[in-house]
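**Student:** This is the structure I want to talk about, given as structure tokens.
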Amino acid sequence: MTTVTAATGAGPLLRDWRRRRRLSQQELALEAGVSARHLSFVETGRSRPSAEMVLHLAEHLDVPLRDRNALLLAAGHAPAYKELDLEAPELAGVRATIDELLRAHEPAPAIVVDRHWEMVAANRMVGLFLGWMDPELLAPPINVLRLTLHPSGMATHIENLDELRPHLLERLRHQAVFTGDPALEALHAELAAYPAPPDAVRDEDTPADIAISLAVRTPEGRRLRFITTLATFGIAAEVTASELALETFFPADRATRAFLEDYAAALPAG
């Protein structure tokens, strides 16, 4: 359980996470099965929470693993989750899974990004997009959202930027609020300051999409349309793996599928 102690840093952090989730003390106490009085003591630092209590509350607040470790340290406990480099031997299985997923998605593009939208892996088809970009934007680490919305990046090739841009910015804003990550807040501020495209008028002959697609025009003038999906790596018990996400691009019409098949056929084997 908990013991009475001097003010602890874990309490204010837990309170911040609770407020970020827009929960009252009473609501969190009911969800977590603890008394509201006890939760109040934890948040004000009058009670020092055990490691089990910290993790229990963090689970109900859907706190990312990285921040659960920070909560544990603030409460005077050891971190519960390892944080390894993606190239560490212990993550060989994760890397193998990533490679298999990326290869299996060809001839369509697919990438893997970290928590800050920096690309950590990609299949060969992503070269289709990278060849259009300002080389300065391709210096590692490549930030996928910056690459997409930067005026010298893909933005000039995206036909429906007026539709896609607010969707991407809102998703990033929500992620920044959800995680409380200042790096994501700074990235959102940077991308939101990029010039906004003029409002476009949809062609009356073009039906409305049920999902926002990515419509791009290649330097050669060919129009390609994609539907994208974003997936995380399931139940992860290690920080780095828990923060990875797989973004896949699916051709939204036959012409795009045929173009991708021809592009893949022209690539060197490997």
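Where a number appears in this text, it was derived from the coordinates with a stated rule and is not lab data. Quick caveat, the model's predicted, so the values are computed rather than measured. For neighbour counting, all protein chains shown are included, and Cβ atoms are generated from backbone atoms with ideal geometry for every residue, glycine included.
**Student:** How much length is gained on full extension from Glu27 to Arg46, taking 0.36 nm per residue of separation minus their Cα-Cα distance?
**Tutor:** 4.8 nm
**Student:** When the Karplus curve 6.51 cos²θ - 1.76 cosθ + 1.60 is applied with θ = phi - 60°, which whole-Hz ³J(HN,Hα) does each residue of the stretch 78-89 get, with x for Gly and Pro?
**Tutor:** 6, x, 9, 10, 5, 10, 10, 5, 4, 8, 5, x
**Student:** Would you pull out the residues with amide H under 5 Å of Ala121's amide H, same chain only if 5 or more places away, H placed 1.01 Å from N?
**Tutor:** Those lying under 5 Å, H to H, from Ala121 are Val112.
**Student:** Here is a further query. Want the number for Arg171 to Ala245: 0.36 nm per residue separation, take away the alpha-carbon distance, what's left?
**Tutor:** Computed gain between Arg171 and Ala245 is 25.2 nm.
**Student:** Please list the non-local residues whose amide H lies under 5 Å from the amide H of Lys82, H modeled 1.01 Å from N, same-chain partners needing a gap of 5 or more.
**Tutor:** So Lys82 has HN proximity to Val239.
**Student:** Can you tell me the dipole magnitude for the chain around its Cα centre, using point charges on the Cβ only (Lys, Arg +1; Asp, Glu -1), in Debye to the nearest 20?
**Tutor:** 860 debye
**Student:** In addition: What dipole magnitude, in Debye to the nearest 20, does the stretch 98-257 give about its Cα centre under +1 on Lys/Arg Cβ and -1 on Asp/Glu Cβ?
**Tutor:** With Lys and Arg at +1 and Asp and Glu at -1, about 320 debye.
**Student:** Right, next: Hey, what angle do you get for helix 161-179 against the long axis of the chain, alpha-carbon based, 0 to 90 degrees rounded to 10?
**Tutor:** 20 degrees
**Student:** Restricting to Cα pairs below 8 Å that are 6+ residues apart, what does the relative contact order work out to for the stretch 89-266? Please round to a whole percent.
**Tutor:** Normalised by residue count, the contact order of the stretch 89-266 is 24 percent.
**Student:** Continuing with the same structure: Between 0 and 90 degrees, rounded to the nearest ten: what's the tilt of helix 10-20 against the longest Cα principal axis of the chain?
**Tutor:** 50 degrees
**Student:** Would you work out which of Ala231, Pro197, Ala121 lies farthest towards the positive end of the dipole of the chain? Charges go on Cβ: Lys and Arg +1, Asp and Glu -1.
**Tutor:** Among Ala231, Pro197, Ala121, the one farthest towards the positive end of the dipole of the chain is Ala231.
**Student:** With labels modelled as points extended 7 Å from the Cα through the Cβ direction, what inter-label distance (nm, one decimal) is found for Glu261 paired with Arg222?
**Tutor:** Spacing of the two 7 Å Cα→Cβ label points: 1.3 nm.
**Student:** If I take R0 = 41 Å and measure r between the Cβ atoms of Ser152 and Ile235 in this structure, what FRET efficiency does the formula 1/(1 + (r/R0)^6) give, to the nearest 0.05?
**Tutor:** 0.55
**Student:** Let me ask something additional. Given +1 on the Cβ of Lys and Arg, -1 on the Cβ of Asp and Glu, and no further charges, what dipole in debye does the stretch 3-74 carry about its Cα centre, rounded to the nearest 20?
**Tutor:** Its charge dipole is roughly 220 debye.
**Student:** Once Cα extents along the principal axes in Å is worked out from the coordinates, which option in (1) 50, 41, 38; (2) 69, 46, 32; (3) 59, 46, 33 does it equal?
**Tutor:** From the options (1) 50, 41, 38; (2) 69, 46, 32; (3) 59, 46, 33, the structure gives (2).
**Student:** Which residues' amide hydrogens lie under 5 Å from the amide hydrogen of Ala252, considering only partners 5 or more residues apart or on another chain, with H built in the peptide plane?
**Tutor:** Residues meeting the criterion, in which the H sits 1.01 Å from N, are Arg225, Phe226, Ile227.
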